[in-house]
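Right, one structure below, let's go through it.
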Amino acid sequence: MAFRLFGPSKVDEFAKSLAQDIAKRYPPAIANNPDQMVSQKRLTAILEDTFTRAHQFNCENRLGMFKKAKLGNTFKWELKEMGYEDRFVDVATEGLVVYLTRGPN
C-alpha cells in the first residue's frame, strides 16, 4: 500500500505518455525554432488527437477534480522538462484541461 502512495500513478504515466506522443510528432527542436514552421492545421491535429485521448481516458477512468488537476500538472511539467517554450506549454495545457472538463460526448 505504501508503495502505491509514493510510486508513479496511472494518471502520471498517462500524462507523460501524452507529452511523449506530442514530442514524437512535434519535437521541441522544431517547436522552438522559428525557421522550421509547422502548419497550423498539422499542429491543431496533433493537439486535438492528444486531447481526445485524454478525454477518453477521463471517461474510462472517471477522474475526479484532483486527478484531472494532477494529469494537467504532470503533462505541463513533462512538456517543460522536454524543452518546449512556455507559450506552447501553456496553450497545450489549457487545451488539455478544457477537454478534460468537457461533458461526455
Discussion item. Quick check on Thr74: is it β-branched (Val, Ile, Thr), surrounded by 15 or more Cβ atoms within 10 Å (Cβ to Cβ) and either in contact (Cβ under 8 Å) with a residue 40 or more places away in the chain or assigned to a loop (DSSP other than H, G, I, E, B) (or both)?
Written reply: yes
Discussion item. Can you pull out every residue in the stretch 29-45 that is surrounded by fewer than 16 Cβ atoms within 10 Å (Cβ to Cβ) and outside any loop (DSSP other than H, G, I, E, B)?
Written reply: Ala29, Ile30, Gln40, Lys41, Arg42, Thr44, Ala45
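Given the criteria among the basic types (Lys, Arg), in contact with a Ser or Thr (Cβ under 8 Å, 6 or more places away or on another chain) and under 17 Å from Ala23 (Cα atoms), does Lys76 qualify? Steps first, answer last, please.
Values: among the basic types (Lys, Arg): yes; in contact with a Ser or Thr (Cβ under 8 Å, 6 or more places away or on another chain): yes; under 17 Å from Ala23 (Cα atoms): yes.
Taking the combined requirement at face value, the residue satisfies it.
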Worksheet item: What is the number of the single condition among (1) assigned to a helix (DSSP H, G or I); (2) buried (at least 18 other Cβ atoms within 10 Å of the Cβ) that Leu63 does not meet?
Response: (1)
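In the list Ala54, Ala92, which residue meets the criterion of being surrounded by 12 or more Cβ atoms within 10 Å (Cβ to Cβ), within 13 Å of Val11 (Cα to Cα), within 9 Å of the chain's Cα centre (by Cα) and of a type in the set (A, V, I, L, M)?
The conditions single out Ala54.
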Item to complete: Being within 19 Å of Glu94 (Cβ to Cβ) and either without any contact (Cβ under 8 Å) to a residue 12 or more places away in the chain or out of contact with any Gly (no Cβ under 8 Å at 6 or more places or on another chain) (or both) is the filter here, so list the residues in the stretch 6-24 that pass it.
Response: Val11, Phe14, Lys16, Leu18, Ala19, Asp21, Ile22, Ala23
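Hey, can you tell me all the residues within the stretch 17-39 that are of a type in the set (D, E, K, R) and touching a helix residue (DSSP H, G or I) at 6+ places or on another chain (Cβ under 9 Å)? So that I can check it myself, show each step before the final result.
Pass one, the stretch 17-39, residues of a type in the set (D, E, K, R): 21, 24-25, 35.
Scanning the stretch 17-39 gives Asp21, Arg25.
None of the figures in this text is laboratory data; all of them are computed from the coordinates on show. The shown structure was predicted, so the numbers you read here are calculated from the model rather than taken from an experiment. Counting neighbours? That spans all protein chains shown, and the Cβs are built from the backbone with ideal geometry, glycine included.
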